[in-house]
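Please treat every number below as a calculation from the coordinates, not as lab data. The structure presented is a predicted model; accordingly, all values stated were derived computationally and were not measured. Heads up, the Cβs are rebuilt from the backbone with ideal geometry, glycines too, and the neighbour counts pull from every protein chain shown.
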Amino acid sequence: MKHKNSHLLVGYWSRLREGREVPDQTEIDPRAIKRLLPYVFILDAENPSRPIYRLAGTALCERFGFEMKGTGFLSHWEAHSGVALGSLLQQALWLKQPVCLTSIGATADCGMVELETILLPIKFGESGPTRFLGMIQVLSDVTLLRGRPIAFQRLAASQIVREDEPQPLSNNMPPPPPPPVYRPHPKAPHLRLVISQDRPAPMHFEVEDMLDRMFQVFGPQQVTS
């Protein structure tokens, strides 16, 4: 994780657990994360291949240019990333551990930024975890968007965030890249990061020219977390 707010939200989630595997959604106190609320969302992932926004902060709705509540989480991701994300969400729920996503967000006129999304498993009621407390933060210069909404995202990397010794991930996941240089924020909780997925394989679709421009602006050293 790169953004200090991601560390803060993971720390809050960890404190809510109080030794349990995951906290319940009803235990989340908006006052405790008041400063983060504009960027926070609740994701219903009972069907991990079709997750739905249950709540979304005002800053996120402005960033993506529409009211996100009730819409599909994967609707603003390109197709290959959407397939990978369905698997990642299912894995994070099974492990009961947070997942951190690094992506490239692009406007319709090719303004591009690097984004960090943190997803923290939570339960709702008596069943196991089927939802995520999430947050999206811009890592690069937001002025590159030129005030335009983000039209779509492409997944660049993912991490399972752990506070104990890592467990092996599923064998069908791609081999991880070399570990990143990680400098924790001085006020952030102590966390252990484990890379769980490399960037997706190259693809060809109708906005391929836009993706070419992405990787000219954000080289491998920037989009790999």
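Please list, by residue number, every one of the GluC sites (Glu not before Pro) in the stretch 62-106 that is coil in DSSP and has at most 16 other beta-carbon atoms within 10 Å.
Details: sites: GLU62, GLU67, GLU78; in loops: GLU67, GLU78.
Passing sites in the stretch 62-106 are GLU67.
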Tail beyond 24 Å, pair distance distribution of the stretch 1-145 (Cα, percent)
26 percent
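Express in nm, to one decimal, how much length is gained between LYS4 and GLU46 on full extension, taking 0.36 nm for each residue of separation and deducting their alpha carbon distance.
Values: separation 42, 0.36 × 42 = 15.12 nm, distance 2.88 nm.
Between LYS4 and GLU46, full extension yields 12.2 nm more.
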Please list, or write none, the lysines whose alpha carbon is within less than 20 Å of the alpha carbon of LYS123, excluding same-chain residues fewer than 8 places away.
LYS69, LYS96
Distance between the C-alpha centers of the stretch 76-155 and the stretch 25-74? Whole Å please.
11 Å
Label model pair LEU37, GLU126: point-to-point distance (7 angstrom along the Cα→beta-carbon line) in nm is 3.2 nm
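What does the extension gain come out to for THR71 and VAL142, with contour length at 0.36 nm per residue minus their alpha carbon separation?
Values: separation 71, 0.36 × 71 = 25.56 nm, distance 2.41 nm.
Gain in length upon complete extension: 23.2 nm.
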How much net charge surrounds ILE52 when only the other residues with a Cβ under 11 Å from the Cβ of ILE52 are counted, with Lys and Arg +1 and Asp and Glu -1?
+2
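Which semi-axis lengths, in whole Å and largest first, follow from the square roots of five times the eigenvalues of the Cα gyration tensor of the stretch 22-96?
21, 18, 9
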